[in-house]
Amino acid sequence: MTRASAAIPDPAAFLAQIDSVRTSDHPRFVRMLAQIHREAPRLNPAEQWHLRYLDAWQTAYQGDYTKADAQLRAVAEHAGDATLAARASAMRLTGLGFTRRYEEAFALADRLATDLPNIKDPLARFQVLFNLAQSMLLADKRDLALNYARMIESNLPPGATLCPPRSLQITIRYDSPTLTSSSPEFHQAIETCKAAGQPVYVNTLRLVMVDTYLRENQPAKALALLDRIEPGIKRNGLYAHIESTAVFRARALLALGRLADARTAALAALSLSDPNEISEALKAVYEVLYKVEKERGDTAVALSYFERYTVQDKGYLNDVSARALAYQTVQQHLLTGKLETEKLSRQNAMLRLQRALDAKAVETGRLYILMLLLIVAFIASWLYRLKRSQLRFKRLSHHDGLTGIFNHQHFIGEAARVLQASKKKKEQACLISIDLDYFKQVNDTHGHAMGDAVLKQTVAICQQELRPADLFGRLGGEEFGILLAGCSRHQGLEIANRIRIAIDATPMGHDDCVITISASVGLASTEVSGHDLQRLCKEADAALYRAKGAGRNRVVAHAGTGDLLDKEGIPVPGSTLRSGATPVSVAELE
């Protein structure tokens, strides 16, 4: 067939057709995209920009969000088409979230939300609302996300169905206790998307269903559903779906006790990601590998995977905090801009008022002074509110929102500073790592309100045993860190054991429900490990891991020669280990 006979008669209509099958028939979308590229030299500028938008969409679909963002930004800034610019900007929201450029994402979301009334094209308006909902979900503003998802239902473009907004609402609500695998709206959304011929949305909902099965401890159902949908997921080639499928398969196999298969699936999932990234998927993969190796009895490998899991867990919590801080920062900038605008507006009003008063007689002077004072008081009030908001924001950036102690990032920064000062003064210090035993069972059995109460009471117990100069921070979840400056290893062991005993002996409760809980404690001292914070953290974490492995509710200290502690934290005679032996010291459960 000659080039002339293969030419596309109406490129604009062909591009519109490609656009319409992006999610309904993605293999066809890829074939048509390749076909239009052969016609690219004869496309007019508007058609060229539409093609570049579709290329960017496909790049993001394959998981290369950094490259896709550069392509979409070029379309938004240079296409000269307001509708295409709005669609490209909406697409950028998702990519900015995946690449952790949160402040830029939330600032763009605010601009799009402000400009929403001016977006008249139905498809562009649909995409803006859809991606605004996803950006609010990223900021954990689920009520706002649901509002945007519901707005989509009344803003559907011609030919569209209720599949996208219903799928989005399920995604936003999927971890809600009110949404279970048997919820009617779950199955209704799947049937709506199947009837609409939208396999990508169907697979999204089914993967949410798999995750729900796993949360409900139904791994057999989860695995069966994965087996059924995996061929379709591979056929459509959406990177996010492929990665989720691999991770869920590893979790389901582990829950079923199929350790070898779980390990194979987890390593397959690991191969899909950069192991140096921080992501919820990698966190789940390393948790599976750690538990598999622990069950198989390979302690060294299990410890290696546990350390990587810990890095991912802490990194994920830091990422959640970074998203919240980025959202608050953008809101703060918007408030400051609004204040400056109002301030200038009132300054202009004051000048106009002054000119009017100058034209009047002396009897109006008192009124002028009164109005001026009111304006100054109003501006002072706004400035005071802004300053108070800034101070509150600064505190939030340094302290854990639940317990009020240092958050992970600030604790690490302060600990590094104190260790450097101790090194110059030739003083000793101890780093204590505390983890509450079986804390997940507290949340699962008694609810998160009880879990939060336990965390707060644990912090109060620890603070009673600490000095004013000691650093105390929440490292993530139920793990805490304490830096004891000017403290020998022996003193640190006594303090750690007092804290352990106090936690074990103190009943904790919420709403007339009382429970007891214990803690495992790891300790590293500068007497053995030096003043390097990274090494102290690693060895304290290793000691903590050994405390849990030895039966929990005990103190384990990392040392070249380990001392076995009795119940009061006093070294037992004859318990010193030879140099080079496993560094363990344990305070047994009372």
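No value in this document is a laboratory result; all are computed from the given coordinates. Since we're looking at a predicted model, the values are computed, not measured. So basically every Cβ, Gly included, is an ideal-geometry build from the backbone, and we count neighbours across all protein chains shown.
Worth pointing out:
- Options Ala302, Leu267, Met508, ranked by Cα towards positive dipole end of the chain, top entry (Cβ charges): Leu267
- Whole-Å semi-axes of region 148-269's equivalent ellipsoid (Cα gyration tensor): 28, 16, 11
- The structure shown yields semi-axes √(5λ) of the Cα gyration tensor in Å, and of the options [x] 40, 30, 25; [y] 49, 39, 22; [z] 45, 35, 25 that calculated value carries the label [y].
- Positive-end residue of Ala496, Val208, Gly401, charge dipole of the chain with Cβ unit charges: Gly401
- Nearest 10 degrees, 0 to 90: helix 184-195 Cα axis against the chain principal axis: 40 degrees
- Residues in region 166-208 reached by a label modelled at Ala220 [backbone nitrogen below 18 Å; 7 Å Cα→Cβ]: 181-182
- Theoretical ellipticity at 222 nm over the chain - DSSP helices of four or more residues, -39500 (n - 2.57) apiece, nearest 500: -22500 deg cm²/dmol
- Two-site label geometry, Glu307 and Ala449: point separation in nm, points 7 Å out along Cα→Cβ: 4.2 nm
- Residue among Thr245, Pro45, Gly477 farthest towards the positive dipole end of the chain, charges placed on Cβ: Pro45
- Cα pair count fraction exceeding 18 Å, expressed as % - region 408-558: 54 percent
- In this Cβ point-charge picture (+1 for Lys and Arg, -1 for Asp and Glu), region 408-558 has a dipole of about 680 debye about its Cα centre.
- Checking the cross-link pairs Lys283/Lys538; Lys194/Lys314; Lys425/Lys538; Lys67/Lys291; Lys283/Lys425; Lys283/Lys456 against a 28 Å limit on the alpha carbon distance flags Lys194/Lys314; Lys67/Lys291; Lys283/Lys425 as lying beyond it.
- In nm, spacing of pseudo-spin labels at Lys120 and Arg142 (7 Å Cα→C-beta vector): 3.9 nm
- Basic side chains Lys and Arg get +1 at the Cβ, acidic Asp and Glu get -1 at the Cβ, and with that the dipole of region 162-268 about its Cα centre reaches some 180 debye.
- Label-to-label distance, nm, for residues given as Arg100 and Ile515 (7 Å Cα→Cβ offset): 3.2 nm
- Against the chain, whose longest principal axis comes from its Cα atoms, helix 259-270 is set at around 50 degrees.
- The charge dipole of the chain, taken about the Cα centre with unit charges on the Cβ atoms of Lys, Arg (+1) and Asp, Glu (-1), comes to about 1320 debye, rounded to the nearest 20.
- With a cut-off of 14 Å on the backbone N, the residues of region 218-255 near the modelled label site 7 Å out from Asp64 along Cα-Cβ are 239.
- Cysteines in the chain lacking a second Cys C-beta under 4.7 Å: Cys430, Cys462, Cys487, Cys513, Cys537
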